[in-house]
Amino acid sequence: MEKIRLSKLMSEQGFCSRREADVYIERGWVLVDGQPVNELGLKIFPTQKITLNRAASEQQQTQVTILLNKPIAYVSGQAEDGYQPAITLVNAASRWSGDSYPIRFHPGHLKGIAPAGRLDIDSQGLLVFTQDGRVAKQLVGENSEIDKEYLVRVTGKMNGNGLNMLCHGLSLDGQKLKPAKVSWQNEDQLRFILREGKKRQIRRMCELVGLKVTGLKRVRIGKIKLGDLPVGQWRYLRQDEQF
């Protein structure tokens, strides 16, 4: 049996992200078979028992996850081509009045926060930012099974078997897409449910069956719905909510 890097094992076992694991190890917050370790790059056997001490657990409990209704013309990540990153919308004034999470906004909640997934610049809807590596891994890890739901306005005339093709017959970038659930909501709007997120995937899928997307909104990620959250406003993910 081969030894594996401790931070990689911690990520695979759902303790935290690799980056967080390195911080915890450096601070002596990680125990292997009951013994604290602080050597970055340490390798252990997968059968050895990993635990976190109280300091690490308490830090994880203070990490926040923020849900934003991203408007069009904001980018999900770093600023680009003169466009503002969506995280600039997160401040005390733009917090939704309907947010029931019992903490006050603090600028420290933006430290180390990152988008868990992306939403195109010309799309709007639910965008997640998190300080918690466990949440990020759940949403964007390579083995993520979390589905995402979109309402998509289209123009054009769909090819004869276009709906079937959208569900399980298309390829992008030389790779076959995972099965999707696609259905008409009315004469100019489709509902997409996907378990992957290639760049501009829905727009490119629609083009392949003769349609042009004129509007796209993400309304759900896993069990979390956009609901009544107004455009440009945000709320905290509550402790009783899970994706």
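Please give the peptides 218-229, 10-21 ranked by average Cβ packing (other Cβ atoms within 10 Å per residue), highest first, as a rough proxy for protection.
Numbers: 218-229: 16.6, 10-21: 18.3.
With the highest mean Cβ count within 10 Å placed first, the list reads 10-21, 218-229.
Rounded to whole Å, give me the distance from the Cα center of the range 1-72 to that of the range 199-237.
Comparing the Cα centres of the range 1-72 and the range 199-237, I get a distance of 32 Å.
Among Leu31, Gln59, Tyr236, which residue has its Cα positioned farthest towards the positive end of the charge dipole of the chain, with +1 placed on the Cβ of Lys and Arg, -1 on the Cβ of Asp and Glu, and the dipole taken about the Cα centre?
Farthest towards the positive pole: Tyr236.
Using semi-axes √(5λ) of the Cα gyration tensor in Å as the read-out, say which of [x] 37, 24, 14; [y] 31, 21, 17; [z] 39, 23, 15 was calculated from these coordinates.
[x]
Subtracting the Cα-Cα distance from 0.36 nm times the residue separation, let me have the gained length for Lys212 to Leu31 in nm, one decimal. Could the numbers behind the result be given before it?
Details: separation 181, 0.36 × 181 = 65.16 nm, distance 5.41 nm.
The Lys212-Leu31 span can extend by a further 59.8 nm.
Checking the a/c ratio against 1.5 first, then a/b against b/c, what shape does the Cα gyration tensor give for the range 96-155?
Values: a/c = 2.09, a/b = 1.32, b/c = 1.58.
Here the range 96-155 falls in the oblate category.
What does the net charge come to around Ile25 if you take all other residues with beta carbon closer than 13 Å to its beta carbon, with K and R at +1 and D and E at -1?
+2
Of Cys16, Leu126, His109, which is farthest towards the positive pole of the chain's charge dipole, taken about the Cα centre with +1 and -1 on the beta-carbons of Lys, Arg and Asp, Glu respectively?
The residue sitting most towards the positive pole is Leu126.
Need one word for the range 10-62: rounded, prolate or oblate. Basis is the Cα gyration tensor (sqrt eigenvalues a ≥ b ≥ c); a/c below 1.5 gives rounded, then a/b vs b/c decides. Show your work: numbers first, answer last.
Values: a/c = 1.43, a/b = 1.36, b/c = 1.05.
Rounded, because the longest to shortest axis ratio a/c is under 1.5.
Going 7 Å from the Cα of Val231 along its beta-carbon direction, which residues of the range 71-85 have the amide nitrogen within less than 17 Å of the resulting point?
Counting backbone N atoms under 17 Å from the label point, the list is 71-76, 84.
If a/c stays under 1.5 just call it rounded; otherwise compare a/b with b/c (prolate if a/b is bigger, oblate if not). Do that for the range 138-243, with a ≥ b ≥ c from the square roots of the Cα gyration tensor eigenvalues.
Details: a/c = 2.38, a/b = 1.47, b/c = 1.62.
Cα axes put the range 138-243 in the oblate bin.
Local charge sum around Ile103 (other residues, Cβ-Cβ under 12 Å, Lys/Arg +1, Asp/Glu -1)?
Numbers: positive: Arg95, Arg104, Arg235, Arg238; negative: Asp99.
Once positives and negatives cancel, what remains is +3.
Taken together, the values in this text are just the output of simple stated rules run on the coordinates, not laboratory data. Everything numeric in this text was worked out from a predicted model, so none of it was measured. Cβ sites come from the backbone with ideal geometry, for glycine too, and all protein chains shown count toward neighbours.
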